[in-house]
Ligand code: NAD
Ligand code: TYD
């Protein structure tokens, strides 16, 4: 039975990945989920799996060397899938230090602990051990409108403290591969959407505000472009890269689904209007009148777009969920999980929202 150590599994993509893996492999695998449970980590995302005998949750900080080495000492870990990170660009602009701490230092701790547990005396590693570092397309910087794509060979040019810290973590993984022949892969994925995403990110924030009749803040001219991928397709890519990816390689993950932010906001409003029954009082206030253009994000990257040619050609990965279906599934999920939304938007989130948005 293969043992996976998943970091950040209580967050958005990590929890979707854990669900995906148990659906696919059932009792053939064991998952240990290590998460600090920051504001973005939520065990409610994992209630369906928490009682499984082959699932274990450990509350720990990835920067805590002792705790992380302890997990490796007590368990024969085959695979590390490293999601844990501070992930929100706006927060990184307000408070960069914790991004360096978790994303760079935390990754160094994870790499060190894995290497210490896995490396043999002759400098080789047992067959099947692998560290998969989950990263972002934001490390490549910004593309001009309507022109060009990010390839694995595109030079890194991060602009925000978030993307810079992720770039730093990617560089550390590359250094471990080059220096110690450490068995790893890096995936750089485009923007994800789907269930369990914290409502500080564009799609769940707009859904939540629209349902509550609150203004829909659109940064700048609303024409920044993001390349959206349904989260389950990302989970599938991570699994396929572990199974079939050549060691030491980077794979870009994305589905050629570019949308301007304003298009996303309009699609959400139209879908909610279709979805809400006439008897629902919220139907009256879900409208484009809620759209409010606000001051642009500092250093706002104009466009991201992934060229997924390598992962398609080498591994045969293809996204399965078309945006028009994925966005409906996602909106329906938030619509049907009002309690989840209420729980995550109480307390600290409320304070964050008030300091970020004056609309
Ligand atoms: P998220 O913010 O929803 O979740 C992050 C998780 O990491 C949370 O559960 C949090 O509690 C945990 N965490 C944070 N600091 C920690 C620490 N010091 N120790 C242990 N756990 C800690 O993030 P996400 O959107 O699920 O992103 C997961 C990963 O995927 C990140 O590495 C991110 O850079 C990358 N990524 C995200 C996207 C996206 O669109 N969201 C796209 C590409 C890549
Ligand atoms: P976000 O979901 O924060 O992801 P990222 O910055 O990592 O791409 O933002 C997606 C896009 O939406 C980005 O161009 C910023 C924009 N945006 C808004 O216009 N309004 C908002 O309230 C938020 C959160 C984001």
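The values are calculated or read from the model by the stated rules, or taken from the named source; none is laboratory data. These numbers come from a predicted model, not from an experiment. All Cβ positions, glycine included, derive from the backbone under ideal geometry; neighbour counts span all protein chains shown.
Looking at residue 60 and the list (1) crowded, with 20+ Cβ neighbours inside 10 Å; (2) within 7 Å of ligand 1 (Cβ to nearest atom), which single condition is not satisfied?
It is condition (1) that residue 60 fails.
Run down 52, 105 and say which single residue is out of contact with any helix residue (DSSP H, G or I) (no Cβ under 8 Å at 6 or more places or on another chain) and either within 16 Å of ligand 2 (Cβ to nearest atom) or modelled with pLDDT of 95 or more (or both).
Result of the check over 52, 105: 105.
Kindly provide the set of residues from the stretch 247-257 that are part of a loop (DSSP other than H, G, I, E, B), touching a helix residue (DSSP H, G or I) at 6+ places or on another chain (Cβ under 7 Å) and under 18 Å from residue 173 (Cα atoms), ordered by number.
The one that is part of a loop (DSSP other than H, G, I, E, B), touching a helix residue (DSSP H, G or I) at 6+ places or on another chain (Cβ under 7 Å) and under 18 Å from residue 173 (Cα atoms): 248.
Say we look at the stretch 320-359 and pick out the residues that are in contact with a strand residue (DSSP E or B) (Cβ under 6 Å, 6 or more places away or on another chain) and surrounded by 15 or more Cβ atoms within 10 Å (Cβ to Cβ); which of these is nearest to residue 88 (Cα to Cα)?
Result: 357.
What are the residues in the stretch 21-52 that are in contact (Cβ under 8 Å) with a residue 60 or more places away in the chain and either away from ligand 1 (no atom under 15 Å from the Cβ) or over 21 Å from residue 87 (Cα atoms) (or both), if any?
Residues satisfying the conditions are 21, 24.
Among the residues that make up the stretch 115-124, is at least one of them buried (at least 16 other Cβ atoms within 10 Å of the Cβ), modelled with pLDDT of 95 or more and within 12 Å of ligand 1 (Cβ to nearest atom)?
Within the stretch 115-124, not a single residue is buried (at least 16 other Cβ atoms within 10 Å of the Cβ), modelled with pLDDT of 95 or more and within 12 Å of ligand 1 (Cβ to nearest atom).
In the stretch 14-38, which residues are surrounded by fewer than 22 Cβ atoms within 10 Å (Cβ to Cβ) and closer than 19 Å to residue 204 by Cα?
If the condition is that a residue be surrounded by fewer than 22 Cβ atoms within 10 Å (Cβ to Cβ) and closer than 19 Å to residue 204 by Cα, then 38 is the only one that fits.
Which one of these is within 13 Å of ligand 1 (Cβ to nearest atom), at pLDDT 95 or above, over 18 Å from the mean Cα position of the chain (by Cα) and buried (at least 20 other Cβ atoms within 10 Å of the Cβ): 77, 68?
Criteria check complete, one pass: 68.
Looking at 4, 17, which is the one that is assigned to a helix (DSSP H, G or I), on the phi < 0 side of the Ramachandran plot, at pLDDT 95 or above and in contact with a helix residue (DSSP H, G or I) (Cβ under 8 Å, 6 or more places away or on another chain)?
Being assigned to a helix (DSSP H, G or I), on the phi < 0 side of the Ramachandran plot, at pLDDT 95 or above and in contact with a helix residue (DSSP H, G or I) (Cβ under 8 Å, 6 or more places away or on another chain) holds for just one of 4, 17, which is 17.
Is it the case that the stretch 291-303 has a residue that's part of a loop (DSSP other than H, G, I, E, B) and away from ligand 2 (no atom under 16 Å from the Cβ)?
No; the residues of the stretch 291-303 include none that is part of a loop (DSSP other than H, G, I, E, B) and away from ligand 2 (no atom under 16 Å from the Cβ).
If I ask for residues that are over 18 Å from residue 258 (Cβ atoms) and either without any contact (Cβ under 8 Å) to a residue 24 or more places away in the chain or more than 20 Å from the chain's Cα centre (by Cα) (or both), which ones from the stretch 298-318 would you list?
Within the stretch 298-318, 298, 299, 310, 313, 314, 315, 316 meet the criteria.
Consider residue 228 against the criteria (1) under 23 Å from residue 302 (Cβ atoms); (2) more than 12 Å from ligand 1 (Cβ to nearest atom): it satisfies all of them except one. Which criterion is unmet?
With respect to (1) under 23 Å from residue 302 (Cβ atoms); (2) more than 12 Å from ligand 1 (Cβ to nearest atom), residue 228 is out only on (2).
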